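These notes concern the structure reproduced below.
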Ligand SMILES: [Zn+2]
């Protein structure tokens with residue numbers, strides 16, 4: 001796709017093909033504040049990880065922070081950067097995976113920038129770009145199929161924003177514009193809170209981490225700034241205002257899950273993202289909402305069993321793992 005292979009890598013291809021685990025891949029997740037990098041071998045074993053602060057004062061600084069994260073992770077993995085075969089990179093914005101161009105990434109201060117090409121030249125590897133949530137979807141699917149042979153999955157990411165990604169027939173479904181799954185901007189509360197997209201009452205404005213804190217701060221008296229975890233803990237402890245907030249948020253999320261299952265008949269909806277890292281504490285109120293829907297509707301009873309919902313284990317970074325998978329698939333696809 002993007003780069004010319006470096007001479008070293010071209011030569012590598014002409015040698016007797018190396019054992020699979022001797023190929024090294026980098027997975028990268030670029031966030032608004034940090035770049036996370038993972039180096040893994042061809043067998044999918046993690047070898048080194050690193051995090052660098054995201055440079056947001058222009059493309060040069062951004063590229064430098066990505067290169068720093070890769071080099072640090074490679075050093076930890078005891079892998080020479082020149083031995084990396086490919087990198088898969090998640091970008092919070094709209095990307096063109098074919099050309100490696102970032103069309104628009106507001107949080108990174110990027111517009112129409114050939115990030116794939118520039119990174120490939122700097123790292124000396126093939127680079128595959130994908131939207132960050134779509135990339136995490138690949139990572140979540142990789143985690144899921146370790147234990148369950150499903151072919152249809154939706155990944156629902158709840159963090160500073162809300163977005164989904166879809167695996168249909170075992171493949172990432174992007175849509176012609178790479179925007180499939182952007183349900184965070186579905187209006188669920190007309191006239192509700194303003195959204196950065198320009199509309200009011202988008203799903204994201206009533207369910208994301210900042211939304212939960214905003215809703216709770218309006219109804220809970222507290223001397224310290226609230227955290228999402230504190231709101232959920234208070235709800236568990238029986239605090240009425242916190243419970244009302246959690247029930248409202250969980251109600252919207254249960255309907256988002258219903259939307260995904262009814263639209264695509266996915267076998268699994270996997271929850272992830274910063275807020276979903278609370279695990280059971282976060283999921284139980286959603287499951288209660290789904291149980292209420294099942295009691296009222298035979299259709300819901302058929303379509304929305306608890307078994308269809310899962311959440312990523314805390315500490316599993318779906319973004320960087322998705323990057324490793326994308327890089328590996330891209331390269332094996334090219335060779336095959
Ligand atoms: Zn919106």
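Computed from the coordinates by the stated procedures, all read-outs in this text should not be read as laboratory data. Bear in mind that the values here come from a model prediction, so they are computed numbers and not experimental data. In this analysis, Cβ positions are derived from the backbone assuming ideal geometry, glycine residues included, and neighbour counts consider all displayed protein chains.
Each label point was placed 7 Å from the Cα along the Cα-to-Cβ direction; for residue 61 and residue 117 their separation is 2.4 nm.
Counted residue by residue at 0.36 nm each, then reduced by the alpha carbon distance between them, the extension gain from residue 284 to residue 142 reaches 48.7 nm. For region 52-125 versus region 259-333, the inter-centroid distance based on Cα atoms is 28 Å. Give the calculated FRET efficiency between residue 98 and residue 189 to the nearest 0.05, with a Förster radius of 25 Å applied to their Cβ-Cβ distance. The calculated FRET efficiency here is 0.10.
Based solely on its DSSP helices, what 222 nm [θ] is calculated for the chain when runs of n ≥ 4 H residues each add -39,500 (n - 2.57) and the sum is averaged over all residues, nearest 500 deg cm²/dmol?
Working: 11 runs with 141 residues, N = 336.
Mean residue ellipticity, 222 nm, calculated: -13500 deg cm²/dmol.
With springs only between Cα atoms under 10 Å, which of 295, 189, 94 fluctuates most in a Gaussian network model of the chain? Of 295, 189, 94, the most mobile in the Gaussian network model is 295.
Computed from the Cβ-Cβ distance with R0 of 56 Å, the FRET efficiency linking residue 236 to residue 47 stands at 0.90. Each 10 Å bin, from zero up to the one with the longest distance, holds this percent of the alpha carbon pairs of region 253-301: 24, 55, 20, 1.
Structural descriptor for the chain: relative contact order 18 percent, calculated from alpha carbon pairs under 8 angstrom and at least 6 residues apart. Taking a point 7 Å out from the Cα of residue 33 in the direction of its Cβ, the residues of region 194-220 whose backbone N falls within less than 12 Å of it are 210. Please compute the modelled spin-label separation between residue 218 and residue 151, points set 7 Å along Cα→Cβ, answer in nm with one decimal. Each label point lies 7 Å from its Cα, and together they span 4.5 nm. What angle, in degrees between 0 and 90 and rounded to the nearest 10, separates the Cα long axis of helix 132-145 from the longest principal axis of the Cα atoms of the chain? Rounded to the nearest ten degrees, it is 90.
The slack in the chain from residue 329 to residue 265, taken as 0.36 nm per residue of separation less the alpha-carbon distance, amounts to 20.5 nm.
Could you give the Stokes-Einstein D for the chain in µm² per second, using the C-alpha Kirkwood radius, 25 °C, 0.890 mPa s?
Numbers: Rh = 20.8 Å.
The calculation lands on 118 µm²/s.
Fewest neighbouring Cβ atoms within 10 Å first, the residues 65, 250, 157 line up as 65, 250, 157. Placing dummy labels 7 Å off each Cα toward the beta-carbon, the span from residue 314 to residue 171 is 3.8 nm.
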